[in-house]
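Below: the structure, in structure tokens.
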Amino acid sequence: MEIENLASEAEDFTGNVWKMEKGEVCLVDAGTGDTWDVVKNLDSLEKVVITHSHYDHIDNLSKIIEKFSPDVYAYEPSNLDVDAEKLRDGDEIKILGLEFKVFHTPGHKNDSICIYNKRNGILFTGDLIFPEAGFGRTDLAEGSRDMLIASIKKLLALEVEEFYPGHGDVVEENASEWIEKSLEEAEKHQSKY
């Protein structure tokens with residue numbers, strides 16, 4: 001399976017758009033702005049999983065639907081302008097023949113999720129945690145530091161080899177250690193977020 005960030009060259013502010021490919025193509029998040037210039041050139045697109053409904057992760061979704069008609073999955077489909085299948089905490093979704101478990105992870109936004117494939121140790125974190133012990137803002141509407149901390153704790157028992165955040169680069173080394181460090185930073189309650 002190949003995983004690539006289609007937003008890596010974006011000039012506009014956007015969330016990452018992770019493309020997974022192995023026979024079929026799936027996106028984790030849809031991005032905004034000029035990421036569409038890359039997404040629209042895909043040959044096909046079968047699925048889109050939305051980690052949460054902030055604009056920088058969903059703005060291109062209606063254009064994606066119009067061009068590719070993929071299946072869309074989200075924790076709270078009513079927050080989107082398109083039809084989507086509802087995901088629940090603990091659900092498993094099949095992507096590229098692999099089972100990904102859904103974790104509801106509020107704190108940054110109420111409809112936030114992470115998805116995890118145990119077999120390969122792959123975790124998509126949305127805006128819950130970031131590289132270098134970062135974590136999602138909790139000063140926006142629906143944000144809650146206590147809920148974010150509880151959500152990060154859900155990830156501690158997972159065997160994570162690499163994680164793919166909503167912003168920043170993939171974490172390919174010491175991923176579990178960085179999850180713990182993100183929790184430590186969030187628990188300090190010192191950040192402006």
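Count of the range 128-146 residues, restricted to those that are in a loop (DSSP other than H, G, I, E, B), out of contact with any Phe, Trp or Tyr (no Cβ under 6 Å at 6 or more places or on another chain) and not charged (D, E, K, R), is 8. Which ones in the range 36-55 are surrounded by 21 or more Cβ atoms within 10 Å (Cβ to Cβ) and under 14 Å from Ala7 (Cα atoms)? Hits for the range 36-55 are Trp36, Val39.
If you go through the range 1-39 one residue at a time, how many are without any contact (Cβ under 8 Å) to a residue 24 or more places away in the chain and more than 12 Å from the chain's Cα centre (by Cα)? Of the residues in the range 1-39, 7 are without any contact (Cβ under 8 Å) to a residue 24 or more places away in the chain and more than 12 Å from the chain's Cα centre (by Cα). Within the range 147-193, the set of residues being out of contact with any Phe, Trp or Tyr (no Cβ under 6 Å at 6 or more places or on another chain), surrounded by fewer than 16 Cβ atoms within 10 Å (Cβ to Cβ) and among the small types (Gly, Ala, Ser) comprises Ala150, Ala157, Ser191. Being surrounded by fewer than 16 Cβ atoms within 10 Å (Cβ to Cβ) and touching a Leu at 6+ places or on another chain (Cβ under 8 Å), is that true of even one residue in the range 128-146? The answer is no, given that none of the residues of the range 128-146 is surrounded by fewer than 16 Cβ atoms within 10 Å (Cβ to Cβ) and touching a Leu at 6+ places or on another chain (Cβ under 8 Å).
Run down Ser151, Ser182, Ser112 and say which single residue is within 13 Å of His52 (Cα to Cα), among the polar types (S, T, N, Q) and in contact (Cβ under 8 Å) with a residue 24 or more places away in the chain.
On the way: Ser151 fails: within 13 Å of His52 (Cα to Cα); Ser182 fails: within 13 Å of His52 (Cα to Cα).
Unique residue meeting the criteria: Ser112.
Residues in the range 10-35 that are surrounded by fewer than 24 Cβ atoms within 10 Å (Cβ to Cβ) and among the charged types (D, E, K, R) were compared, and the one that is farthest from Pro131 (Cα to Cα) is Glu24. Considering (1) crowded, with 19+ Cβ neighbours inside 10 Å; (2) touching a strand residue (DSSP E or B) at 6+ places or on another chain (Cβ under 6 Å), the lone condition that His108 does not fulfil carries the number (2). Could we say that Ile58 is within 16 Å of the chain's Cα centre (by Cα) and under 19 Å from Arg137 (Cα atoms) here? When the stated conditions are applied, Ile58 passes them.
Computed from the coordinates by the stated procedures, all read-outs in this text should not be read as laboratory data. Keep in mind that this is a model prediction, so the values were computed, not measured. Cβ sites come from the backbone with ideal geometry, for glycine too, and all protein chains shown count toward neighbours.
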